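Single-structure report; data block below.
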Amino acid sequence: MSADYKASILENTHTVKILMILNENGKMMKGDLARSIAKGTSTVQARVADLVEAGLLTETREKVKPFKIFVSLTPEGENVANMLRAIESCLRNSSPEKGNQ
């Protein structure tokens, strides 16, 4: 039986990295975020759009030229990023048991 889980968005390329970077740095220009993750920004821009649609990010556009677009976590996105950070911490602090490698 197949189920459509909202959490499956985290399986997409760069999604977790986007959430973690914004959690660490706060609001960022969309182009700077994309450049910090990958040389090809189209995948990152697609992931940002997915995260906005999922309600985890917001985009705001300046009202004066050059109309910079900023990306930031929503409260729900902040919660997800904090949970991911906790998982990352657990994984870093765990050591493989001998014989289970």
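The values are calculated or read from the model by the stated rules, or taken from the named source; none is laboratory data. All of these numbers come straight from a predicted model, not from anything done at the bench. Glycine gets a Cβ as well: all are built from the backbone with ideal geometry, and neighbour counts include every protein chain shown. Note: accessible area is taken over every heavy atom of the protein model, side chains too, but ligands, DNA and RNA are not part of it. Shrake-Rupley method; radii C 1.70, N 1.55, O 1.52, S 1.80 Å.
Key figures
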{"item": "Relative contact order, percent, the chain [alpha-carbon distance under 8 Å, six or more residues apart]", "result": "28 percent"}
{"item": "Order by protection proxy (mean Cβ within 10 Å, highest first), peptides 14-20, 82-88, 58-64, 44-50", "result": "14-20, 44-50, 82-88, 58-64"}
{"item": "The range 6-79, accessible area per residue, ligands and nucleic acids excluded (1.4 Å, Å²)", "result": "60 Å²"}
{"item": "Cross-link table K6/K30; K6/K63; K6/K65, entries beyond 28 Å C-alpha to C-alpha", "result": "K6/K63; K6/K65"}
{"item": "Radius 15 Å from Cβ of A86, net charge of other residues (Lys, Arg +1; Asp, Glu -1)", "result": "-1"}
{"item": "Residue-averaged 222 nm ellipticity for the chain, from DSSP H runs of 4+ at -39500 (n - 2.57), nearest 500", "result": "-16000 deg cm²/dmol"}
{"item": "Degrees between helix 75-93 axis and first principal axis of the chain (Cα, 0 to 90, nearest 10)", "result": "40 degrees"}
{"item": "Correct option for volume of the Cα convex hull per residue in Å³ [calculated from the coordinates] among (1) 96; (2) 76; (3) 140", "result": "(3)"}
{"item": "Note, ³J(HN,Hα) from phi for the range 43-51, Karplus 6.51, -1.76, 1.60, rounded to Hz, x at Gly and Pro", "result": "5, 5, 4, 5, 5, 4, 4, 4, 5"}
